[in-house]
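One structure is given below, encoded as structure tokens.
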Amino acid sequence: MSEQPPPTGPAREARLLADIEALREQLVQAASAGACQLQTGSDEPALHELVGVSNTLLQDLQHRIDEHKASCEALEKRLEARTERLDLVLTATHDGVWEWFISSGEIELSQRWSNMLGLPHAGSRQPLDHWLSRIHDDDRDQVERALYQHLDGLEGAVNVEYRIRDARGAWRMMLCRGLCQRDEGGEPVCMAGTQTDITEHRLRDPLTGLPNGTYLELLLQERLGRRPLMPMALVKLQLLNVASLFDGVAVEDAIAALRRLVQRMRRQLPPRITLIALPEHTFAMIFDTDSAEALETALQPLEAVLAEPVDIDGQQVWLSHVSGVAALRRDKAVSVDEWRHQSRLALAAARAADVGSRRHYSDGLRHWERQNSRAEQRIRAALAGDGVRCFLQPIVDAGTGEIDGFEALMRLYDPCEGIMSPGSFIEIAERSGLISPLWEMLMEQALPVLKDPAMRDAYGESFLLSINLSTRQLLDPCLLDTLIAASRRHGVSFQRLQVEVTETSVLSDPVKAFRILDRIRAAGIGVALDDFGSGYSSLAQLTSLPMDTVKIDRELVRNVTTLPRKRHVLAAVIELCQRLDYRVVVEGVEDRLTLEMLCDLGVSDIQGFYYSRPLPLERLLSDFRRPQPFPQPHLAGN
Ligand code: C2E
Ligand code: CA
Ligand code: CA
């Protein structure tokens, strides 16, 4: 067979076109299937050259594609690993993730975000309001402001705290942080960030682990927002002497003891009642009742726990407490502030009464509060304007007519009111912390009395000066130093001083009070138990108190001459004190008959209007005359 001559003319052209078409098809296939080898059966050297060049290019391209794929895969793997790590970090930090797509205004919330609030995971995108509507009314504005201010470039990032309602309806505190992603033109595309649950930090009291005041605020709002409004009572209970727990023991032991106590208190409450810790060792609870009897029943187990001593480091510490109740009747709406204020007033009234007392809010407390605030203003004015006055009342030895000493009694001078008695200001001064500056001003007038030449001429140099101490002062660790400094300044011997403390003061923190009184006595200053018999005096306390003198309250003496049973009580108390070797002073003696009776009972130290009212020094010197000796019982009939 002879070889066919290469076609020429139109036949060659047609063959060339067919070969080019075949190459085109191979190229299309190569592009779609990834094959990278072109072939041609053409005789045209130019086509072979084209195929050769194309194949080199295609191989190069394939190589690049392979490289690209490999780097994509590597990138994907890295991305996956990073996403996993990020998820891990977010899970560990308990953060939820949110994304806000600016153009659609929609948000996407991560599963964790929903889980944090106990909500089902929404999956798809939601309107922004899905998030904002759960936020507390008072916080929503600031969250929106934070988002838009960052969006507008006014703030570098979103960083805002807010309260949000969880699926159970309880409030959680969240910290939201986020950043905006922008396109090349600087236009915001998306904002993304995290939501961190900071409820534990913001709504928990670190000392006790209980919910704190911010939580109470939310609870009050929530309870007052319910309709219809059911009867409720906000109860506040304050421990008065928690400081005793910390006396002489390691701080961590005291804290552990306090936490154990709080847990025991909590167990006494029904599970639906939350025990909330407020400052100054106060606890709050909300009960679903406004009945005083029902509250009494509910609080009894709690108070029973507090009646037992706290065991700490082998020691037993008794704590004292008071409580205040602000009850709301059905549909009697008040504001949160008002409700809180009522409970605060009730608690303050309980504190002003005795240890262990409970006070219920009533409108009368408003009047009491107004008076308090007026009194506080007067105290401040007296402190600023030299208005503290020292009055003296003699303590007389009825048998000899000798003056044993004088009690320094405080008065305030007010330009409008004139001289004000302590009944109208001492309690407020004590509560407002003004008692110490008042007392220091009083001491500046009282101590010079011991060195006053006219007093020395009239009463000699051995009479005592008796000074009252309030609870706050008694428990002040600097008390003795203050007393010593003042005495030295006035050149007064400690032996001529006596402090008067009440049983209530001592019982508010017995361990501390005992220690301070011991030190006072060791310095040579006398200690008298004041107002004995006025409150719930415990005779048992008498045996252990570090003191020299018992001052029997005028309440035990009032009408004693006409009430035989009262006389028996008084006689028994006097006898007990004398047997325990205490010096006995009887206060409030106003008439001769009572004085006679007391002398019959063997008491001779008397303080009362019978001898003299409290007087300022000048009046005492001009008006008070040394009394006649009073006939002793065995002399009376002679
Ligand atoms: P207290 O320490 O029991 O003082 C005795 C109070 O009984 C004085 O009242 C005195 O005027 C009054 N009194 C004395 N004899 C009689 C009497 O025969 N009949 C009647 N009805 N009353 C008599 P005052 O001066 O009004 O003081 C009242 C209380 O104020 C004091 O009771 C004391 O608890 C407190 N107080 C007075 N001065 C101070 C002070 O400087 N510091 C502190 N912390 N409390 C003070
Ligand atoms: Ca007194
Ligand atoms: Ca008294």
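The values are calculated or read from the model by the stated rules, or taken from the named source; none is laboratory data. All figures in this text were calculated on a predicted structure; none of them were measured in a lab. With ideal geometry, Cβ positions are generated from the backbone for all residues, glycine too; neighbour counts draw on all protein chains shown.
Tabulated values for the structure
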{"item": "Residue in the stretch 306-326 that is free of Cβ contacts under 8 Å to residues at least 60 places away in the same chain, closer than 23 Å to Ser505 by Cβ, assigned to a strand (DSSP E or B) and not assigned by TED's automatic domain parsing to the domain that holds Ala513 present", "result": "yes"}
{"item": "Search result, residues across the stretch 293-317 that are of a type in the set (Asp, Glu) and surrounded by 15 or more Cβ atoms within 10 Å (Cβ to Cβ)", "result": "Glu303"}
{"item": "Index of the failed condition, Glu369 passing every other in (1) at pLDDT 95 or above; (2) under 30 Å from Ser424 (Cβ atoms); (3) surrounded by fewer than 20 Cβ atoms within 10 Å (Cβ to Cβ); (4) of a type outside the set (Lys, Arg)", "result": "(1)"}
{"item": "Per-region count, the stretch 451-477, residues among the hydrophobic types (A, V, I, L, M, F, W, C) and within 16 Å of ligand 1 (Cβ to nearest atom)", "result": "6"}
{"item": "Residue among Arg583, Arg519 that is more than 16 Å from ligand 2 (Cβ to nearest atom) and modelled with pLDDT of 90 or more", "result": "Arg519"}
{"item": "Any hit, the stretch 530-541, residues being within 24 Å of Leu480 (Cβ to Cβ), out of contact with any Ser or Thr (no Cβ under 7 Å at 6 or more places or on another chain) and away from ligand 1 (no atom under 14 Å from the Cβ)", "result": "yes"}
{"item": "Hey, Arg172 in contact (Cβ under 8 Å) with a residue 12 or more places away in the chain, under 18 Å from Leu119 (Cβ atoms) and surrounded by 21 or more Cβ atoms within 10 Å (Cβ to Cβ) or not", "result": "yes"}
{"item": "Hey, Met420 more than 16 Å from ligand 2 (Cβ to nearest atom), closer than 19 Å to Arg472 by Cβ, in the same structural domain as Ser470 (by TED's automatic domain parsing) and in contact with a strand residue (DSSP E or B) (Cβ under 6 Å, 6 or more places away or on another chain) or not", "result": "no"}
{"item": "The stretch 369-408 - residue that is in a strand (DSSP E or B) and touching a helix residue (DSSP H, G or I) at 6+ places or on another chain (Cβ under 6 Å) and, of those, nearest to ligand 3 (Cβ to nearest atom)", "result": "Ala408"}
{"item": "Per-region count, the stretch 150-169, residues in contact with a Gly (Cβ under 7 Å, 6 or more places away or on another chain), crowded, with 17+ Cβ neighbours inside 10 Å and under 30 Å from Thr274 (Cβ atoms)", "result": "0"}
{"item": "Count - residues of the stretch 377-416 that are within 16 Å of ligand 2 (Cβ to nearest atom) and of a type in the set (Phe, Trp, Tyr)", "result": "2"}
{"item": "Output for the stretch 24-58, where each listed residue is of a type in the set (S, T, N, Q) and under 30 Å from Arg12 (Cβ atoms)", "result": "Gln26, Gln29, Gln37, Gln39, Thr40, Ser42, Ser54, Asn55, Thr56"}
{"item": "Selection within the stretch 549-565 - away from ligand 1 (no atom under 16 Å from the Cβ) and of a type in the set (D, E, K, R)", "result": "Arg565"}
{"item": "Positions within the stretch 389-409 being surrounded by fewer than 20 Cβ atoms within 10 Å (Cβ to Cβ) and under 12 Å from Leu617 (Cβ atoms), in sequence order", "result": "Arg389"}
{"item": "Neighbours by Cβ (under 7 Å, 6+ apart or cross-chain): first from the stretch 404-433, more than 10 Å from Arg378 (Cα to Cα); second among the polar types (S, T, N, Q) and away from ligand 2 (no atom under 12 Å from the Cβ)", "result": "Arg411/Ser421; Ile428/Asn372; Glu430/Thr471"}
{"item": "Qualifying residue in the stretch 79-96 (condition: in contact with a Phe, Trp or Tyr (Cβ under 9 Å, 6 or more places away or on another chain) and not in a loop (DSSP other than H, G, I, E, B))", "result": "yes"}
